[in-house]
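K.L.:
Sharing a structure here in structure tokens format.
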Amino acid sequence: QTRKLLTHYGIHTRLISYHEHNKAASGPELVRRMLMGEKVALVSDAGTPAISDPGADLVKLAVEAGIAVIPIPGASASLAALVMSGLPTDRFTFLGFLPREKSAAVGQLQRLTSAAGTVILFESPYRVKRTLAWMREAWGDVPAALVRELTKKYEEAARGSLQELSVWLEETSPQGEYCILADLRGLSDTKEEEAWWAGLELAEHVSRYESGGLSRKEAIKRAAADRKMPKRELYNALQKNIPEPE
């Protein structure tokens, strides 16, 4: 895509591949060339260079070498999606891409329950349905928006609850890269007794985490943190099959 754009404007200069799989070798070489007086423009075929992108590592190398880094502002998918989402914009958290393993992804999402703002993340069309399901598991059916193909011909946005967006995706074949946004303001004020696990027995609480892929040890640790009780106390209660201590 970059070559097409350069050709269109009659710009004929060398393009050097730099990506996740060759950055360890390509990065130092680019820095060496810059130290010799050459100028390098970091571009990407989509998105903003260095945002959820290996270009961030090149910037770090350049800064460490004392090379000036000059940003050229352009379209940012995360901010453009936030603006058009209709969700709160005064406070937001950008996640980039979630881990591919369910336990790690859901754990990361659950730790954001007190974010008290809008959460923004990126996802591919191949994993977007799965990610929406994980978000519902972590946060419940919160207000959200699904935005794809920003600034392109087929730009599209869907708004509603996470469940409604899941239904929408069943009727609309996923394509293009997505920004998923969710409003967590309501969760930050949720009282402990209103939490997702409030009606569960101790064993059920731990079992929910285990079913998400966590080991029993980690599941007990998470459940104890939820209930603000020592994990040893929770473990003993499970062993003795006694009610949760007052």
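K.L.:
Scan Arg3, Arg32 and give me the residue that is under 27 Å from Glu149 (Cα atoms) and either in contact with a strand residue (DSSP E or B) (Cβ under 6 Å, 6 or more places away or on another chain) or not in a loop (DSSP other than H, G, I, E, B) (or both).
P.N.:
After ruling out the rest, the residue left standing is Arg3.
K.L.:
Restricting to region 78-98, count the residues that are part of a loop (DSSP other than H, G, I, E, B) and either in contact with a Gly (Cβ under 8 Å, 6 or more places away or on another chain) or under 10 Å from Ile120 (Cα atoms) (or both).
P.N.:
Of the residues in region 78-98, 3 are part of a loop (DSSP other than H, G, I, E, B) and either in contact with a Gly (Cβ under 8 Å, 6 or more places away or on another chain) or under 10 Å from Ile120 (Cα atoms) (or both).
K.L.:
Across region 1-46, what is the number of residues that are in contact with a Leu (Cβ under 9 Å, 6 or more places away or on another chain), polar (S, T, N, Q) and open to solvent by less than 50 Å² (accessible area, probe 1.4 Å)?
P.N.:
The qualifying residues number 2.
K.L.:
In addition: Could you tell me which residue of region 47-78 is nearest to the chain's Cα centre (by Cα), considering only residues that are under 21 Å from Gln1 (Cα atoms) and open to solvent by 70 Å² or more (accessible area, probe 1.4 Å)?
P.N.:
Ranking the candidates gives Ile51 first.
K.L.:
Here is a follow-up. For Gly213, work out the one condition from (1) closer than 27 Å to Gly96 by Cβ; (2) crowded, with 16+ Cβ neighbours inside 10 Å; (3) at pLDDT below 85; (4) in contact with a helix residue (DSSP H, G or I) (Cβ under 8 Å, 6 or more places away or on another chain) it doesn't fulfil.
P.N.:
(2)
K.L.:
Looking at His19, His12 in this structure, which one is assigned to a loop (DSSP other than H, G, I, E, B) and within 30 Å of Val147 (Cβ to Cβ)?
P.N.:
His19
K.L.:
Follow-up. In region 13-39, which residues are free of Cβ contacts under 8 Å to residues at least 12 places away in the same chain and closer than 20 Å to Ile72 by Cβ?
P.N.:
Matches in region 13-39: Thr13, Arg14, Arg33, Glu38, Lys39.
The values are calculated or read from the model by the stated rules, or taken from the named source; none is laboratory data. Computed from a prediction, not measured in an experiment: that's the story for all the values here. Here the Cβ is made from the backbone with ideal geometry for all residues, glycine too, and neighbour counts use every protein chain on show. Side chains are part of the model used for accessible areas, which takes the heavy atoms of the whole protein and leaves out ligands, DNA and RNA. Shrake-Rupley method; radii C 1.70, N 1.55, O 1.52, S 1.80 Å.
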